[in-house]
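What follows is a short report on a single structure.
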Amino acid sequence: MMIFANAMGCDYTRYAPMCIKVEDGFITQITDDLRAMSDVELHEVIDVDSKLLMPSFIDCNVYPKGRVLSRKTLTSLSQKALRGGYGTLLLLPDTTPVIDSEAIVELVRSVDTDLSVHILPSIKPVFWDKDMLKLTDIGKLYDNKARGIYFQSDIEGNLILRIAQYAKMLKTPLICFAQNTSLAQGVINQGAFATKLGLPTMHHKAQSIEVAKMCEMLLAQDVDVLFSAIGSPRCLEIIHAYKKQGLRAYTEVSLHHLILNETICDDYNTAGKLNPPLLSESMRQEFANLLCEGYIDVLTSLQCANFNSQKDQVFELASFGIDSVAYGFALAYDKIFKPYNLSLSMLSKLCSYNPAQILGLDSGSLEVGKRADFLIVDLHQHTHISDNFSPYYGVDLESKVVMMYRDSQLYEIS
C-alpha cells in the first residue's frame, strides 16, 4: 500500500497537484494535498517531489526484435518499454511463430507473467491452407485472452466481413493495416526525393485506396476498428468523413511521421526506412495540422527493431523498422508536445486513454477505481539516444522517465 505525494498529476481530463493512494494495485483515493488523505500512517509514502505523474503509455503496434517470438525477445522488449514509459504493449501477430494458435497465445501469456510490462498478444485471423486463405479459430484465441483482431486490408472481401462478424460477436476491436501490396513494392515515398535517390517507390495511394475500401465495408457493421500506422494525411481525411457517418474508427499515426520527413533517408540512410515510408516536409506538416485538429486518435512508437546486420545493408535490401520504444515518452514530450503546443492532457489521451479504451483495459487514466499503472517523469533531466542505427542518434531529449508503477510494484529507472 502506497501513497504518491506531491505529484503533478496529469491524465486526459486534468493537470493538477495530486496525492494518489494505491491499494492492491488500484487507485483508492486522490486528493490535492497529503493532509487531506486518510490513513496516511498505514501506507508507505513516496514523495514525488513535484515531478510529472501520468498514466503509463500504451502502444498498439509493436513487434519483438526481428519479429521473432521468444522469451528472450519479449523480455528485452519489456525492458526497453519500461524505460520509455510504456506499461502495456499490444504485440502484432505477424511474428515467427505466427500468433494464430492457442499454443502461441499461451506462450506469450506465460512469458508475460514474468515481465515488468504487460505484453498482450493480438489475433491473426487467417492462415494459408495450401493455396487457400482460411480463418483461424478466432473464438478460441479470444477465449485465451488475446486482444484485438489484426489483419491486412488486401485480402478477400468475404473474409473481411466474416472477421468483422467475429469482432462484433466477441466485442473485440479490429486492427487494420490498410495497404495495397501491389502498390507498395517500393522502399520509399513516391516523389522528387525518391527520384533523386533512384529508389523504387511506394505509390502515394497505396494506403488511401485501401482505407476508403475498408471504411465502406465496415460502415454500419457495429464494430470498432483501429486503422494501424496511417502514413498519409489523405487517409485521415477519408476516415474522418466516415466517422461523421457513424463509422466507429480510430486512427493511429507513428511519432516518427509527425517528427521526421523523408530527407532523413538522404545518402541512403537506412535508419529512416519505415513502412509506411516517411513523407515530404509539406506532407509532414499536413499531418501536424491534422493532429492539432483532432484527426489522430492514437500515437505509436512503431516499434519494430531488427538486428543491426539487417539495417547495415544497401537501402533496397535493408529491413524496415525502428527501435524507439525505449525513449517513447521523451520523444513524444520533446518533439510533439512542445513544438505542436499540445496540452499534456491531450498527449495522455493519445498515448494512454484512447489505447486503453480501444483495448478494453482498466487503465489509461487517474481515477479512483482504476488500475494503478503510471509513470513518473523528471522534466529537468534528459534522455540521450546513443543507438547509431536510430534516426535520432546523438539527440538529447528533454525529460526522463525515472519511475514506473504497475502491478503493485515500483520500478526505479536509472
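Filtering segment 103-136 down to residues that are assigned to a loop (DSSP other than H, G, I, E, B) and within 20 Å of Gln165 (Cα to Cα), which residue is farthest from the chain's Cα centre (by Cα)? Top of the filtered list is Thr136. Across segment 40-81, the qualifying residues are those that are of a type in the set (S, T, N, Q) and in contact with a strand residue (DSSP E or B) (Cβ under 8 Å, 6 or more places away or on another chain), and the one among them that is nearest to Ile30 (Cα to Cα) is Ser50.
May I ask you to verify whether Leu375 is part of a strand (DSSP E or B), closer than 30 Å to Lys72 by Cα and not small (Gly, Ala, Ser)? So Leu375 passes the test.
Just one of the listed residues (Ser386, Ser365, Ser390) is modelled with pLDDT of 95 or more, out of contact with any strand residue (DSSP E or B) (no Cβ under 9 Å at 6 or more places or on another chain), over 12 Å from Gly87 (Cα atoms) and small (Gly, Ala, Ser), namely Ser386. Please indicate, with yes or no, whether at least one residue in segment 139-155 is aromatic (Phe, Trp, Tyr), buried (at least 23 other Cβ atoms within 10 Å of the Cβ) and under 27 Å from Arg371 (Cβ atoms). Checked segment 139-155: at least one residue is aromatic (Phe, Trp, Tyr), buried (at least 23 other Cβ atoms within 10 Å of the Cβ) and under 27 Å from Arg371 (Cβ atoms).
Checking each residue in segment 274-320 for being more than 22 Å from Ser228 (Cα to Cα) and in contact (Cβ under 8 Å) with a residue 24 or more places away in the chain picks out Phe307, Asn308, Gln310, Lys311, Asp312, Gln313, Val314, Phe315, Glu316, Ala318.
Can you find a residue in segment 216-223 that is farther than 15 Å from Leu291 by Cβ and surrounded by 22 or more Cβ atoms within 10 Å (Cβ to Cβ)? Yes, there is a match, as at least one residue in segment 216-223 is farther than 15 Å from Leu291 by Cβ and surrounded by 22 or more Cβ atoms within 10 Å (Cβ to Cβ). Only residues that are within 26 Å of Ser348 (Cβ to Cβ) and more than 18 Å from the chain's Cα centre (by Cα) were counted in segment 283-317, giving 7.
If you go through segment 316-363 and keep only what is of a type in the set (Val, Ile, Thr) and farther than 18 Å from Ser56 by Cβ, you end up with just Ile322.
The residue list Ser309, Ser343 contains one member that is modelled with pLDDT under 95 and of a type in the set (Gly, Ala, Ser), which is Ser309.
Candidates are the residues of segment 283-336 that are assigned to a helix (DSSP H, G or I) and of a type in the set (Asp, Glu); the one that is surrounded by the most Cβ atoms within 10 Å (Cβ to Cβ) is Asp334. Listed by position, the strands (runs of 3 or more DSSP E) inside segment 1-102 whose residues that are of a type in the set (S, T, N, Q) number at least 1 are 2-10, 26-31, 57-62, 86-91. Total residues in segment 367-402 satisfying the condition of being more than 30 Å from Asp267 (Cα to Cα) and within 20 Å of the chain's Cα centre (by Cα): the figure is 10. Remark: pairs (first residue in segment 7-36, farther than 12 Å from Lys370 by Cα and aromatic (Phe, Trp, Tyr); second residue surrounded by fewer than 15 Cβ atoms within 10 Å (Cβ to Cβ) and at pLDDT 95 or above; Cβ separation under 8 Å; 6+ apart in sequence or on different chains) = Tyr15/Ser343. Screening the candidates Pro355, Pro391, Pro339 for the property of being loosely packed, with under 14 Cβ neighbours inside 10 Å and either among the hydrophobic types (A, V, I, L, M, F, W, C) or closer than 21 Å to Thr300 by Cβ (or both) yields one hit, Pro339.
The values are calculated or read from the model by the stated rules, or taken from the named source; none is laboratory data. The structure displayed is predicted, hence computed values, not measured ones. For neighbour counting, all protein chains shown are included, and Cβ atoms are generated from backbone atoms with ideal geometry for every residue, glycine included.
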